[in-house]
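Worksheet: one structure, shown below.
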Amino acid sequence: DFNTSGMLIMTNDGDLAHKLTSPHKNIFKTYLAEVSGLFLRKDAQGSEGVDIGGYVTKPAEVEILRQGADTTVVQIRISEGKTGR
């Protein structure tokens, strides 16, 4: 995550945290990524959901915004996340 930027929300408001992270609330988090080389929609593993120890996440929305000879810019939107333990 060295080359990342964005906004980090820290709160001690449990209701707000639940509203922002609960998959049932459908609050989308949007990420832009610039990746090296050619990136195809089929390469986006999260677009079908990700199996995390028997739990499958909701699918991500993946859109290729710009594709060049050396890099691809992708937008990824998710409506749930998991915390590390």
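What are the residues in region 57-77 that are of a type in the set (A, V, I, L, M), out of contact with any Phe, Trp or Tyr (no Cβ under 7 Å at 6 or more places or on another chain) and modelled with pLDDT under 90, if any? Hits for region 57-77 are ALA60, VAL62, ALA69. Residue-level check: of (1) surrounded by 10 or more Cβ atoms within 10 Å (Cβ to Cβ); (2) in a loop (DSSP other than H, G, I, E, B); (3) at pLDDT below 85, SER47 misses just (2).
The values are calculated or read from the model by the stated rules, or taken from the named source; none is laboratory data. What you are looking at is a predicted structure, and each value in this text was computed from that prediction instead of being measured. Using ideal geometry, Cβ is built from the backbone for each residue, glycine included, and neighbour counts are taken over all protein chains shown.
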